[in-house]
Amino acid sequence: MDLIELTPDYEVTEFDCGDEQLNKFLFEDAKPSLALRVANTFILVDDGRVAAYF
């Protein structure tokens, strides 16, 4: 597993934690928040798949 900081060019292809709002943040809001400098997102990647984020 690797812990990496989400970047604008990182392609999040698959993630589902069972909470629609948390999934939505990762897919729709994390990168815009990064661009606006209001939040940084870190993702835990396991075999190319996002396992968790914070």
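List of remarks:
- Cut-off 14 Å between beta-carbons: net charge of the residues surrounding residue 40, Lys and Arg +1, Asp and Glu -1: 0
- Near residue 41, the amide H atoms lying under 5 Å from its own belong to 6; only residues 5 or more places off or on other chains count, and H is placed 1.01 Å from N.
- Amide proton proximity set for residue 52, modelled H, under 5 Å, gap of 5+: 44
- Residue 12 long-range amide H proximity, modeled H, under 5 Å: none
- Equivalent ellipsoid semi-axes, the chain, via Cα gyration tensor eigenvalues times 5, rooted, Å: 17, 14, 9
- In sequence order, calculated HN-Hα J values of the stretch 29-45 (Karplus, 6.51, -1.76, 1.60; Hz; x Gly/Pro): 10, 4, 5, x, 5, 5, 5, 7, 6, 10, 7, 10, 10, 10, 10, 9, 10
- Stretchable slack from residue 46 to residue 4, in nm (0.36 nm times residue separation minus alpha-carbon distance): 14.0 nm
- Positive-end residue, the chain charge dipole about Cα centroid, Cβ charges, pick of 39, 18, 54: 39
Quick note: the coordinates plus some simple rules give every number you see, no bench work behind them. Please read these numbers as outputs of a predicted model, since none were measured by experiment. Here the Cβ is made from the backbone with ideal geometry for all residues, glycine too, and neighbour counts use every protein chain on show.
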